[in-house]
Amino acid sequence: MGHVVAGAVFRDGRVLLAQRTRPPELAGRWELPGGKIEPGESAEQALARELREELGIEVRGADRFGPPVQLGSDLVMCAYRVDLVSGEPRPLDHAALRWVDAKELEQMDLVEADRAWLPALRDMLAG
Ligand code: 9L3
Ligand code: MG
């Protein structure tokens, strides 16, 4: 079973979403950035690597929230709150980035899998 990590970066009452470019069926839809854990990596290490590669930022921590999401028969994905240590996010691997508040979150065309985290994200944006 492979594992995918997705990171939620918060700032000023907003969470950072990223617009996918691939595969075709997910292109244009929004997600929490991240990717697959590589052999020997912890979730925290994978998050740090993925967000460095995808956004050019340094993050720390991995505070899991919401339910695990099954992706097909072979992959499971979990969401983590991470702390932004340095850098300003840039879309190095996405079509665009957007910081959204609780209200804007409802309007975003999220990838289906990430919708499982909406209740938890709402709570974190409200609190
Ligand atoms: N995925 C779904 N939601 C997310 C992330 C980071 C990833 N928030 C899915 C898309 C791919 C798989 O996980 O099927 C691997 O992600 P990536 O390496 O293509 O980002
Ligand atoms: Mg990715």
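Residues in segment 57-80 that are surrounded by fewer than 19 Cβ atoms within 10 Å (Cβ to Cβ), part of a strand (DSSP E or B) and away from ligand 2 (no atom under 16 Å from the Cβ): how many?
Of the residues in segment 57-80, 9 are surrounded by fewer than 19 Cβ atoms within 10 Å (Cβ to Cβ), part of a strand (DSSP E or B) and away from ligand 2 (no atom under 16 Å from the Cβ).
Can you confirm whether segment 38-51 contains a residue that is loosely packed, with under 14 Cβ neighbours inside 10 Å and within 17 Å of THR21 (Cα to Cα)?
Here is the first cut: in segment 38-51, the ones loosely packed, with under 14 Cβ neighbours inside 10 Å are 38-40, 42.
When the remaining residues are screened for being within 17 Å of THR21 (Cα to Cα), the result is none.
Checked against the condition, which is being loosely packed, with under 14 Cβ neighbours inside 10 Å and within 17 Å of THR21 (Cα to Cα), segment 38-51 yields no hits at all.
Being in a helix (DSSP H, G or I) and among the acidic types (Asp, Glu) is the filter here; which residues of segment 103-127 pass it?
GLU104, GLU106, GLU112, ASP114, ASP123
Count, please, the residues in segment 81-127 that happen to be in contact with a Lys or Arg (Cβ under 8 Å, 6 or more places away or on another chain) and of a type in the set (A, V, I, L, M, F, W, C).
So the count comes out to 14.
Kindly establish whether VAL4 is buried (at least 18 other Cβ atoms within 10 Å of the Cβ) and either assigned to a loop (DSSP other than H, G, I, E, B) or not aromatic (Phe, Trp, Tyr) (or both).
Yes: the conditions hold for VAL4.
Tell me which of these ARG11 doesn't satisfy, since it passes every other one: (1) more than 14 Å from ligand 1 (Cβ to nearest atom); (2) free of Cβ contacts under 8 Å to residues at least 60 places away in the same chain; (3) over 23 Å from GLU112 (Cα atoms); (4) surrounded by fewer than 20 Cβ atoms within 10 Å (Cβ to Cβ).
(2)
Say whether the condition of being within 12 Å of ligand 1 (Cβ to nearest atom) and in contact with a strand residue (DSSP E or B) (Cβ under 7 Å, 6 or more places away or on another chain) is met by at least one residue in segment 58-65.
no
Identify, please: which residue in segment 72-94 is within 15 Å of the chain's Cα centre (by Cα) and within 12 Å of ligand 1 (Cβ to nearest atom) and is, among those, farthest from ILE57 (Cα to Cα)?
Filtering first and then ranking leaves VAL76.
Select from segment 17-36 the residues that are in contact (Cβ under 8 Å) with a residue 24 or more places away in the chain and more than 10 Å from ligand 1 (Cβ to nearest atom) and write down the one among them that is surrounded by the fewest Cβ atoms within 10 Å (Cβ to Cβ).
Within segment 17-36, the match that is surrounded by the fewest Cβ atoms within 10 Å (Cβ to Cβ) is ALA27.
What's the number of the only condition in (1) more than 17 Å from GLY2 (Cβ to Cβ); (2) touching a Pro at 6+ places or on another chain (Cβ under 9 Å); (3) not polar (S, T, N, Q) that VAL76 fails to meet?
Going through (1) more than 17 Å from GLY2 (Cβ to Cβ); (2) touching a Pro at 6+ places or on another chain (Cβ under 9 Å); (3) not polar (S, T, N, Q) one by one, VAL76 breaks only (1).
Being within 22 Å of CYS78 (Cβ to Cβ), assigned to a loop (DSSP other than H, G, I, E, B) and within 12 Å of ligand 2 (Cβ to nearest atom) is the filter here, so list the residues in segment 8-31 that pass it.
Once the filter is applied, which keeps residues that are within 22 Å of CYS78 (Cβ to Cβ), assigned to a loop (DSSP other than H, G, I, E, B) and within 12 Å of ligand 2 (Cβ to nearest atom), segment 8-31 yields ARG20, ARG22, PRO23, LEU26.
Looking only at segment 37-80, count every residue that is farther than 16 Å from TRP117 by Cβ and free of Cβ contacts under 8 Å to residues at least 60 places away in the same chain and tell me the total.
Residues meeting the conditions: 25.
We did not get these values from a lab; they are worked out from the coordinates using the rules stated. No experiment lies behind these values; they were computed from the predicted model shown. Methodologically, a virtual Cβ is constructed for each residue, glycine included, from the backbone with ideal geometry; neighbour enumeration extends over all protein chains shown.
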